[in-house]
Amino acid sequence: MQDTQPFIDTVSDNLNDTWQQVISKIKSVYDKASDMIDDEFALPISQKHVNEALQKFVTNNVEAILELRVELHDGWFRLFCTIEAVGIYAEVASNFGLVQVQIDQNVQRFVFAQQTYTDVLQLRCQSFLKRQAINALIWFYHRVLKKDPLGFILSYINIAKPKDNIIYLDIHRWLKKNEKIMSTLHKFHVNYAEVEEEQLLLKSQVKIKNLFINSSGEDILTPRDEPELMDGPINPISDATDPSQA
């Protein structure tokens, strides 16, 4: 599979006009020795880049996950997950709201609130009895427990941690050995994010001292930090459905 550029690399390499404005402001206030620029700026990440990041940092690192992707909409997103484990092949999907995003050199966390029960789009098993058992388990979760099994499934295959209808996805374990990404996260702090149609807006601040000076006292702002034009949204999703309460 061709290597894809993760969305955090996109944050580093594709700041375009916004980056130039930020750099101008940094230079004007640098002598004040502030740790952060007060004004937040939005970094738009296309749906394509979000899915490339999921492929790079999650799917490629978890054997049981064959595919993990999202369709981004205004204020919510639909998560699709294809799993193959213990003789079970399943394609599932559910709708979520974005509760929290924290991305810095210490924490890289996404927190989601599940809005709908999981739809089983396809299910194949080694035996008829196993398929019936899975269908019975899903029925028990939905009708008796009034809960959804997706959080349990993601926890079982070591993807995320559930608590009620909230799912915590920490990707630090897959990023910490990537020196380029961790270096980027010393320069920027993502405070939160907003989901829009086919894009994710990361609300960020620049760490002034870390941007200009590294541990050796050398200039950390190099030509490699110059931005390229960011890709725009991809074609609209034609079969998206509005979220409903579970």
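The values are calculated or read from the model by the stated rules, or taken from the named source; none is laboratory data. These numbers come from a predicted model, not from an experiment. Cβ sites come from the backbone with ideal geometry, for glycine too, and all protein chains shown count toward neighbours.
Tabulated data
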read-out: Residue in the range 159-179 that is in a helix (DSSP H, G or I), within 25 Å of V101 (Cβ to Cβ), of a type outside the set (D, E) and without any contact (Cβ under 8 Å) to a residue 60 or more places away in the chain present; value: yes
read-out: Test set (1) within 15 Å of the chain's Cα centre (by Cα); (2) modelled with pLDDT under 90; (3) surrounded by 13 or more Cβ atoms within 10 Å (Cβ to Cβ) - N95 fails condition number; value: (2)
read-out: Selected residue (criterion: farthest from N135 (Cα to Cα)) from residues of the range 50-99 that are among the polar types (S, T, N, Q) and assigned to a strand (DSSP E or B); value: N95
read-out: Unmet requirement for Q102, which otherwise passes all of (1) in contact with a His (Cβ under 9 Å, 6 or more places away or on another chain); (2) in a helix (DSSP H, G or I); value: (2)
read-out: Residue match in the range 122-142 (condition: surrounded by 15 or more Cβ atoms within 10 Å (Cβ to Cβ), farther than 20 Å from E198 by Cα, touching a Phe, Trp or Tyr at 6+ places or on another chain (Cβ under 7 Å) and at pLDDT 90 or above); value: yes
read-out: Hey, Y168 among the hydroxyl-bearing types (S, T, Y), within 30 Å of L202 (Cβ to Cβ), surrounded by 15 or more Cβ atoms within 10 Å (Cβ to Cβ) and under 15 Å from the mean Cα position of the chain (by Cα) or not; value: yes
read-out: Verdict on K180 being of a type in the set (K, R) and under 13 Å from S94 (Cβ atoms); value: no
